[in-house]
1. Looking for whichever is in the same structural domain as residue 134 (by TED's automatic domain parsing) and over 20 Å from the mean Cα position of the chain (by Cα) here; the options are 251, 205, 169. Which one fits?
2. For region 185-281, list the helices (runs of 4 or more DSSP H) that sit wholly inside it and hold at least 1 residues that are over 27 Å from residue 162 (Cβ atoms); which are they?
3. Could you tell me whether any residue of region 244-259 is closer than 18 Å to residue 119 by Cβ and in contact with a strand residue (DSSP E or B) (Cβ under 7 Å, 6 or more places away or on another chain)?
4. With 164, 179 as the choices, which residue is assigned to a helix (DSSP H, G or I), out of contact with any strand residue (DSSP E or B) (no Cβ under 6 Å at 6 or more places or on another chain) and at pLDDT 95 or above?
5. Testing residue 128 on (1) assigned by TED's automatic domain parsing to the domain that holds residue 199; (2) modelled with pLDDT under 95; (3) in contact with a helix residue (DSSP H, G or I) (Cβ under 6 Å, 6 or more places away or on another chain), one condition comes back false. Which one is that?
6. Take region 116-157 and flag every residue that is part of a helix (DSSP H, G or I) and either without any contact (Cβ under 8 Å) to a residue 60 or more places away in the chain or touching a strand residue (DSSP E or B) at 6+ places or on another chain (Cβ under 9 Å) (or both).
7. Which pairs turn up if I take residues in region 195-213 that are on the phi > 0 side of the Ramachandran plot and look for partners that are crowded, with 16+ Cβ neighbours inside 10 Å and part of a loop (DSSP other than H, G, I, E, B) with beta carbon separation below 6 Å, at least 6 apart in sequence or on another chain?
8. Inside region 224-253, can you point out the residues that are within 16 Å of residue 122 (Cβ to Cβ) and at pLDDT below 95?
């Protein structure tokens, strides 16, 4: 299947929007089975009215298809159209050469996988949520860790309960001091994210490698007591999941250090940002 220039322009235009790009990526990952609209809306956390608009746009561009199963409409990525778009770009933009793996710019080494450390003071809730999220959503391209400056010594029970309920592995999660990652045998980190304001204000150790850092602070769900605590943990999970999804969409080997720092700071100011994160530059 070959793609014409007008069709390529329409397809690229359809993907040049944050929610549609995330939607298409989700359907590509879902495979040929596809997903019903309700599951897509839940996964992307967007209202049905907005979802319908984005689905229609991608359908017009020929990037997705739909079929009916009972009362449900199932949407799936059109892999032939996706491959045709990639082929068009290779042929018309790269002269037939493989330009899909550019050399990394200075400051962003290309690593497989990238090592990421989430830091908090107690290492029992937010940083552990970040570790679990990225290890699953990163699909092997990222290896996530977490630690704290003054660890509680145990992961908060609600952290485990919420992660379990959403299908994230919890067997290897534990609370630990950040000193364990300062030795000669520690992994070299590419990125370090602080997720609580206290940790962002502390003097951190000297980390192996030359990691890029950003503050992705969200409010502490463990500070909420009683019946509202679980909802607070689910909310923190949602905020961190959104940040990680945006992080995964970045062209990590294609941005220089300054550009990447700006992107990471912007991600940290997403919905649910703590006061220090909203003020971060």
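1. On the way: 251 fails: over 20 Å from the mean Cα position of the chain (by Cα); 169 fails: over 20 Å from the mean Cα position of the chain (by Cα).
Residue meeting the stated conditions: 205.
2. Working: elements: 197-200, 229-249, 257-268, 275-279.
Here the list reads 257-268, 275-279.
3. Our first condition is that a residue be closer than 18 Å to residue 119 by Cβ; within region 244-259, this holds for 244, 247.
Still in the running and in contact with a strand residue (DSSP E or B) (Cβ under 7 Å, 6 or more places away or on another chain): none.
Within region 244-259 (the criterion being closer than 18 Å to residue 119 by Cβ and in contact with a strand residue (DSSP E or B) (Cβ under 7 Å, 6 or more places away or on another chain)), the answer is no, since none of the residues qualifies.
4. None of the other options fit; the residue is 164.
5. It fails just one condition, (2).
6. 126, 127, 128, 129, 130, 131, 132, 133, 134, 135, 136, 157
7. These pairs meet every condition: 209/189.
8. Within region 224-253, 225 is the sole residue that qualifies.
The values are calculated or read from the model by the stated rules, or taken from the named source; none is laboratory data. Everything numeric in this text was worked out from a predicted model, so none of it was measured. Reconstructed Cβ throughout: ideal geometry from the backbone, glycine too, with neighbour counts over all protein chains shown.
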